[in-house]
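Enquirer: Provided herewith is a single structure, encoded as C-alpha cells, for subsequent inquiry.
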Amino acid sequence: MSEASPQAARRAVSLRMADGAQADLLLFLPAGAPRATLLWVPALGVAARHYEPLAQSLAALGIAVGVHEWRGHGSSDQRAGRGNNWGYRALLADDLPHSLDALAHACPGAPLYVGGHSLGGQLGSLLATITPVPLAGLVLVASGAPYWRRFHPWVGLAYIAAPTLANLVGRLPGRRIGFGGNEARGVIADWSRSGRTGRYAARGMPVDFEAALRRQARPVLALRLRDDWLGPEASLAYLLDKMPAAPRTVGVIGPDDLAGAKADHFGWMKMPARIAERIAAWMP
C-alpha cells in the first residue's frame, strides 16, 4: 500500500463529556464494511489531526479508525490554566470512554481495538482494564512505561521539575519548553508520579491499575521505533511485563520501514504506511 491510496471518508463526531467539556472524535471509515475498528489515542500534547496519515493508511486496509482528542488540545473546548485543571481521572473515567462508546456505535459488529502512541498507549492500556466494552486487543506504537529506572538517570529529574513548573505557572508550558503541549497540572502530577514510582494511579479514581493490568489478557501488538530514546526497549518491556496474562507480539520499526528516515518517536507519523500494514496484518 502506498501513501497515495484513496482517501477514506472522514468526519468529526462531536462529544460532550459528563462534566460538560466538548471535543471531536475524528472518524475515518473504509470504503466497505470495516473488518476491524481501532480507537487511537495520541501522544501527550499531540492533536488528533496529526494522526490523519495513519488513520487514512489503516482505512485503506479496511480498518475504521477513531482518533481521540486529548482534553486541552485541538478540537477540545478546554485549555489548561490556573483556573482549569484535570488529571488522569477525567481522561480515563470520562473522555476516553465517550470516544470508545462513540466508535463502537459508529461501527457496530466489527472487532474493536484500542491503540495509542506514547502516553496514548499507556492510557489506552489502562482504559482496557476498566471499560465494560468488549475489546479484541491493544496496539502500542512508540510507547512504554515512563519509569525513570528504564531510562537514562537524568530523565528522573523531569519528574521533579515538570510538576514543580506546572504548579508555579498554573499549567505545564510544554510548547515553550519543547515537551508535550500546554498540559494541565493534574495530568503532569499523575504522569510524573508514574515516572517516579513505576506504578500507575489516577488521583481521585479508586482503581488499583497495577492489579487490573495483571488481569488484562487481551492480545497486545507493540511496535518500537529503533531510534526512539523516548520509548526505549526497557520502557516498553516494563509496560508489557505489567500484563503477564496478555499474549504479546513485539516488533521493531527501522529506517527501512520509513523510506530511510530516522525511526524516532515522532518522525514515523509522516510516513506511517508500513506501521499501518503491520497493525492490519496482526489483526485477525
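The values are calculated or read from the model by the stated rules, or taken from the named source; none is laboratory data. From a predicted model like this one, the values you see are computed outputs, not experimental measurements. Here the Cβ is made from the backbone with ideal geometry for all residues, glycine too, and neighbour counts use every protein chain on show.
Enquirer: Looking only at the stretch 23-78, which residues are more than 11 Å from the chain's Cα centre (by Cα), of a type outside the set (A, V, I, L, M, F, W, C) and within 20 Å of Ile188 (Cβ to Cβ)?
Expert: Arg71, Gly72, His73, Gly74, Ser76, Gln78
Enquirer: Just checking, how many residues over the stretch 1-50 are surrounded by 16 or more Cβ atoms within 10 Å (Cβ to Cβ), among the small types (Gly, Ala, Ser) and either at pLDDT 95 or above or not in a loop (DSSP other than H, G, I, E, B) (or both)?
Expert: So in the stretch 1-50, the residues surrounded by 16 or more Cβ atoms within 10 Å (Cβ to Cβ) come out as 8, 13, 15, 17, 21, 23-30, 34, 36-50.
Now narrow it down to the ones that are among the small types (Gly, Ala, Ser): 8, 21, 23, 36, 43, 45, 47-48.
Cutting the leftovers down to either at pLDDT 95 or above or not in a loop (DSSP other than H, G, I, E, B) (or both) gives us 21, 23, 36, 43, 45, 47-48.
Selection size over the stretch 1-50: 7.
Enquirer: Can you name every residue in the stretch 99-116 that is surrounded by fewer than 20 Cβ atoms within 10 Å (Cβ to Cβ) and assigned to a helix (DSSP H, G or I)?
Expert: Those that are surrounded by fewer than 20 Cβ atoms within 10 Å (Cβ to Cβ) and assigned to a helix (DSSP H, G or I): Asp101, Ala102, Ala104, His105, Ala106.
Enquirer: Looking at the stretch 262-284, which of the residues that are small (Gly, Ala, Ser) and surrounded by 15 or more Cβ atoms within 10 Å (Cβ to Cβ) is nearest to Asp227 (Cα to Cα)? Spell out the reasoning first.
Expert: Residues of the stretch 262-284 small (Gly, Ala, Ser): 263, 267, 273, 276, 280-281.
With the extra rule that they be surrounded by 15 or more Cβ atoms within 10 Å (Cβ to Cβ), the set shrinks to 263, 267, 273, 276, 280.
Values: Ala263: 5, Gly267: 10, Ala273: 18, Ala276: 19, Ala280: 23 Å.
Result: Ala263.
Enquirer: On to the next question. Examine the stretch 234-255 for a residue that is without any contact (Cβ under 8 Å) to a residue 12 or more places away in the chain and in contact with a Gly (Cβ under 8 Å, 6 or more places away or on another chain), and state whether such a residue exists.
Expert: We begin by selecting, within the stretch 234-255, every residue without any contact (Cβ under 8 Å) to a residue 12 or more places away in the chain; these are 241.
Still in the list and also in contact with a Gly (Cβ under 8 Å, 6 or more places away or on another chain): none.
No, because not a single residue in the stretch 234-255 is without any contact (Cβ under 8 Å) to a residue 12 or more places away in the chain and in contact with a Gly (Cβ under 8 Å, 6 or more places away or on another chain).
Enquirer: While we're on this one: Pairs please, first residue from the stretch 17-30 and under 14 Å from Gly72 (Cβ atoms), second anywhere and assigned to a strand (DSSP E or B) and modelled with pLDDT of 95 or more, Cβ atoms under 6 Å, 6+ apart in sequence or on different chains.
Expert: Short answer, once both residue conditions are applied: Gln22/Arg16; Ala23/Leu15; Asp24/Ala12; Asp24/Ser14.
Enquirer: Scan the stretch 65-80 and tell me whether some residue there is touching a Phe, Trp or Tyr at 6+ places or on another chain (Cβ under 8 Å), surrounded by fewer than 22 Cβ atoms within 10 Å (Cβ to Cβ) and in a loop (DSSP other than H, G, I, E, B).
Expert: Yes: the stretch 65-80 contains one or more residues that are touching a Phe, Trp or Tyr at 6+ places or on another chain (Cβ under 8 Å), surrounded by fewer than 22 Cβ atoms within 10 Å (Cβ to Cβ) and in a loop (DSSP other than H, G, I, E, B).
Enquirer: Just to be sure before I move on: is Tyr88 surrounded by 20 or more Cβ atoms within 10 Å (Cβ to Cβ), touching a strand residue (DSSP E or B) at 6+ places or on another chain (Cβ under 7 Å), modelled with pLDDT of 95 or more and closer than 18 Å to Ser118 by Cβ in the structure I sent? Show your work before the answer.
Expert: Working: surrounded by 20 or more Cβ atoms within 10 Å (Cβ to Cβ): yes; touching a strand residue (DSSP E or B) at 6+ places or on another chain (Cβ under 7 Å): no; modelled with pLDDT of 95 or more: yes; closer than 18 Å to Ser118 by Cβ: yes.
Taking the combined requirement at face value, the residue does not satisfy it.
Enquirer: For residues in the stretch 173-199 being out of contact with any Asp or Glu (no Cβ under 9 Å at 6 or more places or on another chain) and part of a loop (DSSP other than H, G, I, E, B), which is surrounded by the most Cβ atoms within 10 Å (Cβ to Cβ)?
Expert: First, pick out the residues of the stretch 173-199 that are out of contact with any Asp or Glu (no Cβ under 9 Å at 6 or more places or on another chain): 175-190, 192-198.
Those still in the list that are part of a loop (DSSP other than H, G, I, E, B) too: 178-181, 184, 198.
Details: Gly178: 6, Phe179: 15, Gly180: 22, Gly181: 20, Ala184: 26, Gly198: 16.
Top of the filtered list is Ala184.
Enquirer: Look at Ala281 and say whether it is over 18 Å from the mean Cα position of the chain (by Cα) and either assigned to a strand (DSSP E or B) or over 25 Å from Arg193 (Cβ atoms) (or both). Even if it seems obvious, please write down each step before you answer.
Expert: Numbers: over 18 Å from the mean Cα position of the chain (by Cα): yes; either assigned to a strand (DSSP E or B) or over 25 Å from Arg193 (Cβ atoms) (or both): yes.
Taking the combined requirement at face value, the residue satisfies it.
Enquirer: Now a separate question. Go through the stretch 235-253 and give me each residue that's under 10 Å from Leu225 (Cα atoms) and either of a type in the set (Asp, Glu) or surrounded by fewer than 16 Cβ atoms within 10 Å (Cβ to Cβ) (or both). So that I can check it myself, show each step before the final result.
Expert: First, pick out the residues of the stretch 235-253 that are under 10 Å from Leu225 (Cα atoms): 251-253.
Gly251, Val252, listed by residue number.
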